Amino acid sequence: MDDRTYNVLYLCTGNSARSIMAEVILQRLGQGRFKAYSAGSFPTGQVHPMAVELLKRFNHATDKLRSKSWDEFSGAEAPEMDFVFTVCDNAAGEVCPIWPGQPMSAHWPFPDPAHFEGTDAEKRAFFADVYGQIHNRVSIFVSLPITSLDKLTLQKRLDEIGSKQPENA
């Protein structure tokens, strides 16, 4: 059994909702096998209040969450990433960041709840829907037998997870 902890970085544009949700979900579901991080190519500077509200409702720790630039993870002092996932939605015309280097990577497109328009109740429901979609993909990821898969097979599985249709779409 491999006792290694894998570093995972979730990237999106603003780092205010989707990548933050993915970070905290992986921290919980990864059960110490993964160390999750999140960042944005153009961070908003704050975690969206509805994301914080939702995460608190699901008993996630939120006190240390913050919107940050991916520059924090590109320097010599930054942890070396094993996996990098982009979680922005190409269909919405967003420009997804590209991470240089050799980590395994995949694109998991999710709509941005921070830009959803509607009543507060509709916004909360949309945040919850996106949270559920992210939770499903992270659950699949953590169940992969990472240590027994060769790199090509693992990359194929990561891409398959990203191409799955959201259950509530």
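The values are calculated or read from the model by the stated rules, or taken from the named source; none is laboratory data. Note that the structure is predicted; figures quoted are calculated from it, not measured. For neighbour counting, all protein chains shown are included, and Cβ atoms are generated from backbone atoms with ideal geometry for every residue, glycine included.
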Next on the checklist: When you scan the stretch 1-13, do you find a residue that is over 23 Å from Leu149 (Cα atoms) and assigned to a helix (DSSP H, G or I), even just one?
Outcome noted: no
Item to check | Leading residue by the ranking (surrounded by the most Cβ atoms within 10 Å (Cβ to Cβ)) among those in the stretch 24-47 that are out of contact with any Leu (no Cβ under 8 Å at 6 or more places or on another chain), closer than 17 Å to Gly132 by Cα and not basic (Lys, Arg) | outcome: Leu26
Item to check | the stretch 134-159 residues that are in contact (Cβ under 8 Å) with a residue 12 or more places away in the chain, paired with ones that are among the small types (Gly, Ala, Ser) (beta carbon under 8 Å, 6 or more apart) | outcome: Ile134/Ala22; Arg137/Gly162; Val138/Ala22; Val142/Gly30; Gln155/Ala106; Leu158/Ser105; Leu158/Ala106; Asp159/Ala106
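Which residue, of Glu72, Glu77, is at pLDDT below 95 and in a loop (DSSP other than H, G, I, E, B)?
Glu77
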Checklist entry - Taking the stretch 19-53, which residues are part of a strand (DSSP E or B), in contact with a Ser or Thr (Cβ under 7 Å, 6 or more places away or on another chain) and among the hydroxyl-bearing types (Ser, Thr, Tyr)? => result Ser38
